[in-house]
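J.: Quick one: structure below, then a few questions.
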Amino acid sequence: MSVLRLAIPSPVRRLFDYLPPAGVDATVLQPGVRVRVPFGPRQLIGMLISVEPHSDLPRDKLKPALEILDPTPPLPAHLLKLARWAASYYQHPVGDALLQALPVLLRKGAPCEYAHEHLWRATADASLDALGKAARRQRELLQLLQEHPQGISSDAIRAEGGNTQLLKTLLDKGLAESFVHHPPSRHAGGKDSLLRQPSLPLNDQQRQAVEAINGADGFQPFLLEGVTGSGKTEVYLQTIEAVLQQGRQALVLVPEIGLTPQTVARFKQRFQVPVVVLHSNLTDRQRLDAWLKVREGLASIVIGTRSALFTPLQAPGIIIVDEEHDASFKQQDGFRYSARDLSVMRAREEDVPLVLGSATPSLESLWNAEQGRYRHLQLTERAGNARPPKFELLDIRQQPIRDGLAEPMIEQIRQHLGAGNQVLVFLNRRGYSPTLSCHNCGWIADCSRCDAHMTLHLSPPHLHCHHCDSQRPIPAQCPDCGSPQLKPVGSGTERSEQILRQLFSDYPVLRVDRDSTARKDALAQIMAQVHSGEPCILVGTQMLAKGHHFPNVTLVAILNADGGLFSADFRGMERTAQLLVQVAGRAGRAERPGHVLMQTMHADHPAIQCLVDQGYSAFARSELHDRHRAALPPFMHLALLKAEASRQGRAEAFLRAVRDLLERGGLPPAVDLVGPFPSTMEKKAGVFRAQLLIQSPQRGVLQQWLGMLCEFLEQQPEARKVRWTLDVDPLEMN
Ligand code: ADP
Ligand code: ZN
Ligand code: ZN
């Protein structure tokens with residue numbers, strides 16, 4: 001009798017053997033179907049990897065599986081292969097990786113089918129007169145049904161206050177009926193009724209890009225590097241149009257949907273085809289239905305964040321990764337995969353073109369383009385009549401600063417508002433001030449769980465640690481010397497908002513950060529006010545940098561962005577440049593010219609000067625050169641072995657012991673170990689952290705060796721006293 005070899009979401013890095021459930025012929029089962037199994041005291045959902053003739057375990061040690069959940073696998077074979085490949089590349093337990101590729105409801109064992117297939121409607125001759133006055137709730141429900149002649153789902157009925165009991169009553173009285181609803185089907189191809197709005201006439205560079213992408217014969221990766229406002233989205237739209245004409249589907253990955261509803265709106269406004277948006281506000285049920293719609297080919301375009309990478313397409317036509325440099329494409333905990341990097345694998349597997357788009361491409365992608373692995377498409381000019389913004393540095397070393405604002409900056413803001421324009425004020429720090437300090441003895445409010453200061457917030461008033469989220473009241477006096485003179489030091493968005501309100505009391509000041517937009521619809525309301533076009537000041541964090549189109553903003557005022565220049569992380573410079581260029585890109589996106597003014601203590605920093613004088617491309621080329629000399633990525637492949645423990649020194653000691661053992665066993669010549677070191681913030685949320693850097697110029701060698709390293713670590717008894725994780729191609733080095 002055969003054995004089921006299963007991937008099960010357990011931290012153990014291996015597959016598990018089970019006997020088939022009673023009465024099931026294992027030989028007809030396809031890999032990828034879900035299987036419910038007993039696992040210790042619990043039941044878990046696993047995924048079938050293969051059916052084997054025998055197991056390494058004696059037969060009487062094997063338990064029978066409980067149930068096969070699917071007649072056919074939810075994921076097509078090539079996505080199963082992709083998820084397995086990712087598990088092995090990122091050294092993540094395969095069961096967890098495979099299950100993470102599925103929508104949550106499927107992980108929990110729900111049937112792989114629509115919930116909203118069955119809809120309700122009133123029967124043709126149903127009349128309210130058939131119900132007595134007393135049957136108020138039945139009348140209300142019938143009215144609701146009559147208002148929805150196309151049918152309404154039982155979920156929606158429940159949301160309106162109805163229930164299944166009432167429905168059954170109407171059904172029995174012949175007033176209501178249920179029917180099977182077929183969602184509108186994907187565009188079958190051809191030009192008819194594809195567009196809701198005409199496409200824009202392209203400029204030369206855009207047209208060359210669209211032609212290159214549409215001309216791709218199967219798999220081909222493109223790096224679309226287009227300055228902010230150059231019309232990358234229009235390029236996406238017109239390549240997708242060609243894909244739809246062939247009756248195929250497009251998968252579009254974006255960093256954060258909530259922040260840029262405008263981008264999604266542009267896809268929906270352009271095309272007359274079903275568009276599915278996988279955003280974080282969907283319920284698990286809605287997400288599964290949306291996922292199924294794409295898998296069955298009922299939606300033509302799917303837009304989603306990182307995890308949407310694993311959405312099966314029935315007729316794949318193109319994959320687009322917008323803002324490909326964005327760090328959110330890499331998952332930062334658990335299964336630490338990069339959706340951007342995996343999208344290349346997926347596009348190759350599905351034999352479709354891949355477009356990585358950005359105004360500020362990652363150095364990795366630029367290097368791939370330079371090596372000829374990606375075809376480099378460039379849009380160097382803004383689309384339409386918009387001109388590039390003028391970028392200027394404001395040296396504040398000799399300037400008096402008023403709550404974070406230098407006098408010439410205030411003057412500029414005044415002029416732009418006076419001319420009837422909008423101003424965007426950027427600083428990358430939320431809260432009122434990053435430190436609260438005693439004027440008398442120098443005491444600083446620190447977090448007790450992290451090596452970090454607490455941020456002072458005034459609305460509502462409290463101290464908040466931005467690293468572990470702990471909060472406490474603001475003390476009335478210094479806990480060390482008793483002085484009541486506690487002073488906020490430095491500025492965050494709340495403080496800038498306050499001073500801007502005082503200085504410019506005639507204009508609305510709108511703050512955009514995680515705190516001010518926590519309430520649902522808050523961001524939408526702010527954006528509506530900005531889009532009204534009236535002069536106003538927008539003040540906020542990097543939330544303002546992401547993809548927004550603010551046609552009336554003519555001045556972008558950057559208050560502090562120097563921090564990243566001297567970061568311990570070798571990517572600090574790259575990140576700072578990307579952020580600056582993206583923020584600056586919000587200025588002058590329409591008819592009126594834009595101006596960017598940046599306060600800095602380091603006006604003569606060569607990288608900043610290169611960025612300001614010559615633009616991102618030049619900056620990136622010089623940065624690549626430095627990386628090459630320093631043997632850093634993309635010229636070196638990295639993995640971080642991280643450990644954390646509740647006692648100081650333990651994580652580091654563990655990594656040191658690991659290093660000694662590994663070196664005694666002999667490292668391959670191409671693999672180097674650096675460290676261990678305590679993390680930059682050693683204590684975070686009450687645990688002490690350390691890391692060992694593993695590097696190799698040869699990706700393949702590193703890969704193989706990391707696999708052995710994980711096996712080795714799992715066998716170390718010491719490894720159970722710390723929590724260790726391995727981050728392959730880490731984006732954050734601290
Ligand atoms: P990006 O995504 O590169 O920042 P967008 O696609 O948002 O740029 O385009 C910026 C603005 O230029 C948008 O308002 C867009 O409608 C407009 N635009 C894009 N392409 C064209 C074109 N070919 N002709 C006129 N306007 C265009
Ligand atoms: Zn004090
Ligand atoms: Zn903390």
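J.: Kindly evaluate D451 against the criterion of being away from ligand 1 (no atom under 16 Å from the Cβ), among the charged types (D, E, K, R), free of Cβ contacts under 8 Å to residues at least 60 places away in the same chain and outside the structural domain of T600 (by TED's automatic domain parsing).
T.: On the way: away from ligand 1 (no atom under 16 Å from the Cβ): yes; among the charged types (D, E, K, R): yes; free of Cβ contacts under 8 Å to residues at least 60 places away in the same chain: no; outside the structural domain of T600 (by TED's automatic domain parsing): yes.
So D451 does not fit the description; no.
J.: Report every pair of residues separated by at least 6 positions or lying on different chains whose Cβ atoms are under 7 Å apart, first residue within region 81-94 and within 18 Å of R348 (Cα to Cα) and in the same structural domain as G707 (by TED's automatic domain parsing), second of a type outside the set (D, E) and open to solvent by less than 20 Å² (accessible area, probe 1.4 Å).
T.: Close Cβ pairs (under 7 Å, with a partner that is of a type outside the set (D, E) and open to solvent by less than 20 Å² (accessible area, probe 1.4 Å)) do not exist here.
J.: Tell me, please, whether a residue that is polar (S, T, N, Q), open to solvent by 30 Å² or more (accessible area, probe 1.4 Å), touching a strand residue (DSSP E or B) at 6+ places or on another chain (Cβ under 9 Å) and part of a helix (DSSP H, G or I) can be found in region 499-514. Working first, answer last.
T.: Here is the first cut: in region 499-514, the residues polar (S, T, N, Q) are 502, 505.
Subsequent filtering for residues that are open to solvent by 30 Å² or more (accessible area, probe 1.4 Å) retains 502, 505.
Adding the requirement that they be touching a strand residue (DSSP E or B) at 6+ places or on another chain (Cβ under 9 Å) leaves none.
No, because not a single residue in region 499-514 is polar (S, T, N, Q), open to solvent by 30 Å² or more (accessible area, probe 1.4 Å), touching a strand residue (DSSP E or B) at 6+ places or on another chain (Cβ under 9 Å) and part of a helix (DSSP H, G or I).
J.: Can you name the number of the only condition in (1) surrounded by 14 or more Cβ atoms within 10 Å (Cβ to Cβ); (2) farther than 24 Å from M543 by Cβ; (3) touching a residue at least 24 places away in the same chain (Cβ under 8 Å) that N385 fails?
T.: (1)
J.: Which of the following residues is crowded, with 22+ Cβ neighbours inside 10 Å, outside the structural domain of F570 (by TED's automatic domain parsing), among the hydroxyl-bearing types (S, T, Y) and over 24 Å from F504 (Cα atoms): S328, S338, S365? Give the derivation first.
T.: Working: S328 fails: crowded, with 22+ Cβ neighbours inside 10 Å; S338 fails: crowded, with 22+ Cβ neighbours inside 10 Å.
Step by step, each of S328, S338, S365 is checked, and only S365 is crowded, with 22+ Cβ neighbours inside 10 Å, outside the structural domain of F570 (by TED's automatic domain parsing), among the hydroxyl-bearing types (S, T, Y) and over 24 Å from F504 (Cα atoms).
J.: Moving on. Scan region 425-433 and tell me whether some residue there is more than 16 Å from ligand 1 (Cβ to nearest atom), touching a Gly at 6+ places or on another chain (Cβ under 8 Å), open to solvent by 60 Å² or more (accessible area, probe 1.4 Å) and not basic (K, R).
T.: At the first step, the residues of region 425-433 found to be more than 16 Å from ligand 1 (Cβ to nearest atom) are 425-433.
With touching a Gly at 6+ places or on another chain (Cβ under 8 Å) added as a condition, the list becomes 425-433.
Within this subset, residues satisfying the condition of being open to solvent by 60 Å² or more (accessible area, probe 1.4 Å) are 428-429.
When the remaining residues are screened for being not basic (K, R), the result is 428.
Checked region 425-433: at least one residue is more than 16 Å from ligand 1 (Cβ to nearest atom), touching a Gly at 6+ places or on another chain (Cβ under 8 Å), open to solvent by 60 Å² or more (accessible area, probe 1.4 Å) and not basic (K, R).
J.: Moving to a separate point now. Is one or more of the residues making up region 505-518 of a type in the set (K, R) and modelled with pLDDT under 90? Step through it out loud before you land on a result.
T.: Filtering region 505-518 down to residues of a type in the set (K, R) leaves 511, 514.
Now narrow it down to the ones that are modelled with pLDDT under 90: none.
Within region 505-518, not a single residue is of a type in the set (K, R) and modelled with pLDDT under 90.
Residues checked against (1) among the basic types (K, R); (2) touching a Phe, Trp or Tyr at 6+ places or on another chain (Cβ under 8 Å); (3) buried (at least 21 other Cβ atoms within 10 Å of the Cβ):
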site	(1), (2), (3)
Q525	no, no, no
G533	no, no, no
I537	no, yes, yes
G547	no, no, yes
F566	no, no, no
R571	yes, no, yes
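J.: Continuing with this model, one more query. For the subset of region 465-491 comprising residues that are in a strand (DSSP E or B) and buried (at least 17 other Cβ atoms within 10 Å of the Cβ), which member is nearest to ligand 2 (Cβ to nearest atom)? Steps first, answer last, please.
T.: Step one: of region 465-491, the residues in a strand (DSSP E or B) are 471-472, 486-489.
Within this subset, residues satisfying the condition of being buried (at least 17 other Cβ atoms within 10 Å of the Cβ) are 486, 488.
Working: L486: 8, P488: 15 Å.
Ranking the candidates gives L486 first.
J.: Further question: Being assigned to a loop (DSSP other than H, G, I, E, B), more than 29 Å from I694 (Cβ to Cβ) and open to solvent by less than 70 Å² (accessible area, probe 1.4 Å) narrows it down to one of A631, A590, so name that one. Full working, then the answer.
T.: Details: A631 fails: more than 29 Å from I694 (Cβ to Cβ).
Every option except A590 fails the conditions.
J.: When you go through (1) open to solvent by less than 40 Å² (accessible area, probe 1.4 Å); (2) within 16 Å of ligand 2 (Cβ to nearest atom) one by one for A452, which number turns out not to apply?
T.: Every condition holds for A452 apart from (2).
J.: Let me ask something additional. When region 228-272 is examined, which residues are found to be touching a residue at least 60 places away in the same chain (Cβ under 8 Å), touching a His at 6+ places or on another chain (Cβ under 7 Å) and open to solvent by less than 40 Å² (accessible area, probe 1.4 Å)?
T.: L244, G247, T260
J.: Taking the condition closer than 24 Å to S88 by Cα, in contact with a Lys or Arg (Cβ under 8 Å, 6 or more places away or on another chain) and not acidic (D, E), does A643 pass?
T.: Numbers: closer than 24 Å to S88 by Cα: yes; in contact with a Lys or Arg (Cβ under 8 Å, 6 or more places away or on another chain): yes; not acidic (D, E): yes.
For A643, the condition - closer than 24 Å to S88 by Cα, in contact with a Lys or Arg (Cβ under 8 Å, 6 or more places away or on another chain) and not acidic (D, E) - is met.
J.: Can you tell me which residues in region 593-608 are in contact (Cβ under 8 Å) with a residue 40 or more places away in the chain and assigned to a helix (DSSP H, G or I)? Step through it out loud before you land on a result.
T.: Restricting attention to region 593-608, the residues satisfying the condition of being in contact (Cβ under 8 Å) with a residue 40 or more places away in the chain are 593-603, 605, 607-608.
Residues satisfying the conditions are A607, I608.
J.: Looking at region 635-686, which of its residues are within 16 Å of ligand 3 (Cβ to nearest atom), open to solvent by less than 40 Å² (accessible area, probe 1.4 Å) and in contact with a strand residue (DSSP E or B) (Cβ under 8 Å, 6 or more places away or on another chain)?
T.: Residues satisfying the conditions are S679, M681, E682.
J.: Go through region 1-24 and give me each residue that's closer than 19 Å to P74 by Cβ, within 30 Å of the chain's Cα centre (by Cα) and outside any strand (DSSP E or B).
T.: Selection gives I8, P9, L15.
J.: Is it true that V355 is surrounded by fewer than 22 Cβ atoms within 10 Å (Cβ to Cβ), β-branched (V, I, T) and under 30 Å from L99 (Cβ atoms)? Break it down stepwise before answering.
T.: Details: surrounded by fewer than 22 Cβ atoms within 10 Å (Cβ to Cβ): no; β-branched (V, I, T): yes; under 30 Å from L99 (Cβ atoms): yes.
No.
J.: Now a separate question. At least 2 residues that are touching a Gly at 6+ places or on another chain (Cβ under 8 Å) and surrounded by 19 or more Cβ atoms within 10 Å (Cβ to Cβ) in each: list the helices (runs of 4 or more DSSP H) lying fully within region 25-143 that qualify. So that I can check it myself, show each step before the final result.
T.: Values: elements: 77-89, 94-100, 104-107.
Filter on region 25-143 gives 94-100.
The values are calculated or read from the model by the stated rules, or taken from the named source; none is laboratory data. Only a predicted model underlies this, so the values are computations on that prediction, with no experimental measurement involved. A quick note on method: Cβ atoms are made from the backbone with ideal geometry, for glycine too, and the neighbour counts reach across all protein chains shown. Heavy atoms of the whole protein, side chains included, go into the accessibility calculation; ligands, DNA and RNA do not. Shrake-Rupley method; radii C 1.70, N 1.55, O 1.52, S 1.80 Å.
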